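Remarks on the structure that follows.
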Amino acid sequence: MRLILLSLTLSLSALLGNSHYFPSTPSAASHSDWKSARATYYAATDPIDAVGGACGYGDLVKNGYGKATAALSTVLFEKGQICGACFEIRCVEDLRWCIPGTSIIVTATNFCAPNFGFDADGGGKCNPPNSHFVLPIEAFEKIAIWKASNMPVQYRRIRCRKEGGVRFTIGGAGIFLSVMISNVAGAGDLSGVKIKGSRTGWLPMGRNWGQNWHLNADLKNQPLSFEITSSDGVTLTSYNVAPKNWDFGQSFEGKQFDS
């Protein structure tokens, strides 16, 4: 398995998030039913979703998500379980602002926190029970004119398509091991993770937040294998992803789920 440098070279495909916010027509078998929501955007000068975020993916451009991302309201975010899932979104109901025949595909990478100082029908756009997406303006403008601001949309869950394998970024110190798992195809989000050293059996990891998983165990000087289970129950095993001399701060690439 090849080591992925943390300081990835920016490319056009990365900036566009593998072009996932251009109009697309994924196979019907990957679709759930359309549901109603609303969507707003943040401007390029607002860095709320560029680095960090509630899912823990770090720099979204460097990690391949680009601008094809979304922050989700409370009822959609599922306390971080949904991180990595993909949605198709289209503008509806407003002939003045919608761009006909278009849709975008975005990955859930952040949380839009509620603001209980406002009613859900007022300024609290991400308050329960609202289904709401906050998009980069670059993605929003693929389906609607920016002047629309808070737009009615429809969305549906779809299978994720990613380039390359699942990425495992190792953090922590000492016996505390933290693994951020990104670039997950298929369902996109994970429900379980196990790790194995050459001198251990399979050890279950706990969810720290988003798609960051942790474990207290001394696994230094052992090649690392991972067993991950997606939310649709599919399990993928990647053996010896990290070599014996792995170190904190490094990223490695494993196998990939079917799209």
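The values are calculated or read from the model by the stated rules, or taken from the named source; none is laboratory data. Not measured: the values here are computed from a predicted model. We place every Cβ from the backbone using ideal geometry, glycine too, and count neighbours over all the protein chains shown. When the accessible area is computed, the model is the full protein with side chains, heavy atoms only, and any ligands, DNA or RNA have been set aside. Shrake-Rupley method; radii C 1.70, N 1.55, O 1.52, S 1.80 Å.
General remarks:
- Cβ separations smaller than 8 Å between residues 6+ apart or across chains give the following pairs from region 71-94 residues that are over 19 Å from PHE257 (Cβ atoms) and without any contact (Cβ under 8 Å) to a residue 40 or more places away in the chain to residues that are open to solvent by less than 10 Å² (accessible area, probe 1.4 Å) and not β-branched (Val, Ile, Thr): PHE77/ALA108.
- SER191 being surrounded by fewer than 19 Cβ atoms within 10 Å (Cβ to Cβ), part of a loop (DSSP other than H, G, I, E, B) and touching a residue at least 60 places away in the same chain (Cβ under 8 Å): no
- Of all residues in region 97-137, those that are within 17 Å of the chain's Cα centre (by Cα) and either closer than 18 Å to MET151 by Cβ or open to solvent by less than 20 Å² (accessible area, probe 1.4 Å) (or both) total 13.
- Single residue of region 225-243 satisfying the filter (open to solvent by 70 Å² or more (accessible area, probe 1.4 Å) and not in a loop (DSSP other than H, G, I, E, B)) that is farthest from ILE170 (Cα to Cα): THR235
- Per the conditions (1) outside any loop (DSSP other than H, G, I, E, B); (2) open to solvent by 10 Å² or more (accessible area, probe 1.4 Å); (3) touching a residue at least 24 places away in the same chain (Cβ under 8 Å); (4) not acidic (Asp, Glu), the sole criterion not satisfied by PHE168 is (2).
- Count of region 197-221 residues, restricted to those that are polar (S, T, N, Q) and either crowded, with 18+ Cβ neighbours inside 10 Å or at pLDDT below 95 (or both), is 3.
- Boolean, GLN222 is on the phi < 0 side of the Ramachandran plot, touching a Phe, Trp or Tyr at 6+ places or on another chain (Cβ under 9 Å) and not in a strand (DSSP E or B): yes
- Residues being open to solvent by 60 Å² or more (accessible area, probe 1.4 Å) and more than 20 Å from LYS67 (Cα to Cα) - total across region 138-165: 0
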